[in-house]
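Here is the structure we will look at.
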Amino acid sequence: MSHARDILAVGALCLLIPVANAQNVAPGRFFPGEMLTIRAPDSDGWRMIGSSSIGMAFFSGSESAGDTYLAEVKLFAAPESRERDDFLAFVRTAFEKSSPRERFRPLESSYEYTEERSYPCVRVTALVHDTKAFFGRASLRFQWHSLYCLHPKRQDAGFMIAYSHRGVSMDAEFDAKARAFIQGVQVPG
């Protein structure tokens, strides 16, 4: 299950990318692609910190204040089984492996198979304490909202759409922002 470990690794890697070299992105900018179409988050202050054939990542916030947002999309190799329970277990295992307990102390999480799209998806929401946060903070709250889907046109591929916030306090509008970004990523026609 080595592919499972890679699902969330992009989030950790994106936090290490120097945001000083990031490109500003217009709110809601559309990025067409063969596998997925992506809309940047629809608010000011977002910068693209990575783009490749397997994903795209955007960053916003104040590093010095420790209040940051990450919006990302990443393709991953689909598990062998496309069955509902197997895919749900695949996502749960991948998420838990990508969140080491020595750094991330879980407060709550949920994994829900959803039929909101015409193909299999699992929605993951989580709230954790990041006990080894950057920016000189001892501990920050980390809000996570994501959708993992099996690609309807490529049997060997899946994709993750994630939106996260890390800060001293929680963002009361987080779920609405996350759902808007997730809705902006689609499989082309």
Of (1) outside any strand (DSSP E or B); (2) surrounded by fewer than 13 Cβ atoms within 10 Å (Cβ to Cβ); (3) touching a residue at least 12 places away in the same chain (Cβ under 8 Å), Phe87 satisfies every one except (2)
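Determine which member of the set Pro100, Pro106 is surrounded by fewer than 19 Cβ atoms within 10 Å (Cβ to Cβ), part of a strand (DSSP E or B) and free of Cβ contacts under 8 Å to residues at least 24 places away in the same chain. Even if it seems obvious, please write down each step before you answer.
Details: Pro100 fails: part of a strand (DSSP E or B).
Of Pro100, Pro106, the one residue that is surrounded by fewer than 19 Cβ atoms within 10 Å (Cβ to Cβ), part of a strand (DSSP E or B) and free of Cβ contacts under 8 Å to residues at least 24 places away in the same chain is Pro106.
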Where a residue in segment 31-57 is closer than 13 Å to Phe159 by Cα and part of a strand (DSSP E or B) and its partner, wherever it lies, is of a type in the set (S, T, N, Q) and at pLDDT 95 or above, with Cβ under 6 Å and at least six apart: Thr37/Gln186
Only one of these is free of Cβ contacts under 8 Å to residues at least 12 places away in the same chain and not charged (D, E, K, R): Ala180, Ala172, Ala162, Ala157. Name it. Ala172
Ala178 meets each of (1) surrounded by 16 or more Cβ atoms within 10 Å (Cβ to Cβ); (2) at pLDDT 95 or above; (3) out of contact with any His (no Cβ under 6 Å at 6 or more places or on another chain) with one exception, condition (3)
Return only the number of the condition from (1) within 15 Å of Tyr163 (Cβ to Cβ); (2) within 17 Å of the chain's Cα centre (by Cα) that Ser53 does not satisfy. (1)
Picked from segment 3-30 (must be over 24 Å from Ala176 (Cα atoms) and assigned to a loop (DSSP other than H, G, I, E, B)), the residue modelled with the highest pLDDT is Ala22
Filtering segment 133-152 for residues that are part of a loop (DSSP other than H, G, I, E, B), surrounded by fewer than 19 Cβ atoms within 10 Å (Cβ to Cβ), out of contact with any Asp or Glu (no Cβ under 7 Å at 6 or more places or on another chain) and at pLDDT below 95 leaves a count of 4
Against the conditions (1) free of Cβ contacts under 8 Å to residues at least 40 places away in the same chain; (2) over 14 Å from the mean Cα position of the chain (by Cα), where does Gly66 fall short? Just the number, please. (1)
Go through the residues of segment 163-172 one by one and say whether even a single one is farther than 30 Å from Asp44 by Cα, assigned to a strand (DSSP E or B) and not aliphatic (A, V, I, L, M). no
Find all pairs meeting these conditions: Cβ atoms under 6 angstrom apart; at least six residues apart or on different chains; first residue within segment 110-122 and touching a residue at least 60 places away in the same chain (Cβ under 8 Å) and surrounded by 11 or more Cβ atoms within 10 Å (Cβ to Cβ); second residue of a type in the set (Lys, Arg) and part of a strand (DSSP E or B). none
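The values are calculated or read from the model by the stated rules, or taken from the named source; none is laboratory data. As the structure is a prediction and not an experimental result, all values here were calculated from the model. Reconstructed Cβ throughout: ideal geometry from the backbone, glycine too, with neighbour counts over all protein chains shown.
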